[in-house]
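Read through the structure below, which is laid out as C-alpha cells, and then see the notes.
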Amino acid sequence: MKKLLASLVTVSIFVLTGCSASGPEAPKTGLEGKEISAYLQGSFIDAKEAQSKLENAGFEVIATYKPVKKGTTIVFTNEALKTQAAKPGRAHAAVLRMFVDKKEQTISITNPVYFGKAFMQVQYNHAVFNAQLEAINKEFAGLKGSKDKLKFDNLSGFHFMMGMPYYKDVDELGLGTNEELLAKAKTYKKGKLLIFELKLSDRSTLLGYDLGKRTKKFVKKIGRANATVLPYCISIENGKASSLEAKYYLALSYPLLTMGEFMTIGSVPGAIVKDLRKPFK
C-alpha cells in the first residue's frame, strides 16, 4: 500500500510541474495553440550587437536597410534557408529579417515558421524552419510572440479576404533571360535601389529592392513595428522577374490590418508594382 501511495505522489508531482518520467518538457516548436505569431519581439539592442548575435546563431547577414527613421532592418539567411528557397517558386523563403527600432526601443524578428509556412506552401518542412526559430530563441533570450497572428493551418492558403490574391498570384515585372533581367536590376539608377542580391541556384536569384520615397511611406501609416516588410523582394527565375502580389504580402505582414486600415493605403499596391517594373522596361 505504501509503495502504491508513493507511486501516486510521484505521478502527481510530474503532472503538476509539467515534467514526465521520460525527461524535461520538450522545447517549444512555434506551433502551440491554433495561432502563430508573425514576429518575435524583445528588448532593444543596437544594430551592431544584433548583427553579431545573428552571426553567432549561424546566420549570414546579407544587408542592412533603413525603412524608417531611427529604424534598421537586418536581412539574414543561411544554407538551410537557401536550399529550401532554391526550389521552384519558393525564392522568398530564402531570407529572414530583423527590425531594430531605436525610436521605440524594441527589436522584432520575422518568425521563420510563420513565413516559412506561407512561402513554402505544401513543400514546408517544419524541421528546417523550426531549427531557425530555435537558433534565434537561443541567441536572443526572452523573445515573445507578437499580437500579429494567423492560424498556422491557414498560412499556406492565406488571402486577406474573398477576391484577394494568394501566394501564387505574383506580380510579373519583366521577361527575358535571367542574365538580362539581373543586368537591368543592377544598372537601373546606377544600382542605387538594389539592396542585396542572393543567388539560390543557376536558375533562381532573389533581390532586395528599394521602393520610391512616396511609396514606402505606408510603413509609417500602418505600423513601423512591422517595418521588416521592407526592403521588397524580386524573384528572378527561369526568365521572369516577379514579386509577391502586394495585396497578399502586405496583408500577410500586417495580419492585424482591418479592411478600413487597408483602404487607407489602397493606392500602395499599385504604386509598389509600378516602382518595381521600372527597371525592367
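The values are calculated or read from the model by the stated rules, or taken from the named source; none is laboratory data. Nothing here was measured: the structure is a model prediction, and the numbers come from that model. Cβ coordinates were reconstructed from backbone atoms using ideal geometry, including for glycine residues, and neighbour counts include every protein chain displayed. Remember, those area values only see protein heavy atoms, side chains included, never the ligands or the DNA or RNA. Shrake-Rupley method; radii C 1.70, N 1.55, O 1.52, S 1.80 Å.
Data table
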{"item": "Members of the stretch 202-219 that are open to solvent by 80 Å² or more (accessible area, probe 1.4 Å) and among the acidic types (Asp, Glu)", "result": "Asp202"}
{"item": "Ile74, sole failed condition from (1) assigned to a helix (DSSP H, G or I); (2) buried (at least 19 other Cβ atoms within 10 Å of the Cβ)", "result": "(1)"}
{"item": "Options Ala80, Ala50; residue that is surrounded by fewer than 19 Cβ atoms within 10 Å (Cβ to Cβ), at negative phi and not in a loop (DSSP other than H, G, I, E, B)", "result": "Ala80"}
{"item": "Residue under evaluation Asp171, criteria (1) over 23 Å from Val68 (Cα atoms); (2) of a type in the set (D, E, K, R); (3) more than 20 Å from the chain's Cα centre (by Cα), criterion not met", "result": "(3)"}
{"item": "Boolean, Asn111 is farther than 18 Å from Gly208 by Cβ, over 15 Å from the mean Cα position of the chain (by Cα) and of a type outside the set (Phe, Trp, Tyr)", "result": "no"}
{"item": "Lone qualifier among Gly142, Gly163, Gly176 - being touching a residue at least 24 places away in the same chain (Cβ under 8 Å), open to solvent by 50 Å² or more (accessible area, probe 1.4 Å), on the phi > 0 side of the Ramachandran plot and not hydroxyl-bearing (Ser, Thr, Tyr)", "result": "Gly142"}
{"item": "Lys199 open to solvent by 70 Å² or more (accessible area, probe 1.4 Å), in contact with a strand residue (DSSP E or B) (Cβ under 9 Å, 6 or more places away or on another chain), modelled with pLDDT under 95 and not aromatic (Phe, Trp, Tyr)", "result": "no"}
{"item": "Residues satisfying the stated conditions in the stretch 106-134, i.e. open to solvent by 30 Å² or more (accessible area, probe 1.4 Å), assigned to a helix (DSSP H, G or I) and of a type outside the set (Val, Ile, Thr)", "result": "Lys117, Gln121, Gln123, His126, Ala127, Ala131, Glu134"}
{"item": "Test for Ala241: is it closer than 24 Å to Phe76 by Cβ and either assigned to a loop (DSSP other than H, G, I, E, B) or over 17 Å from the mean Cα position of the chain (by Cα) (or both)", "result": "yes"}
{"item": "The stretch 89-105, residues that are in contact with a strand residue (DSSP E or B) (Cβ under 7 Å, 6 or more places away or on another chain) and assigned to a loop (DSSP other than H, G, I, E, B)", "result": "Val95, Lys102, Lys103"}
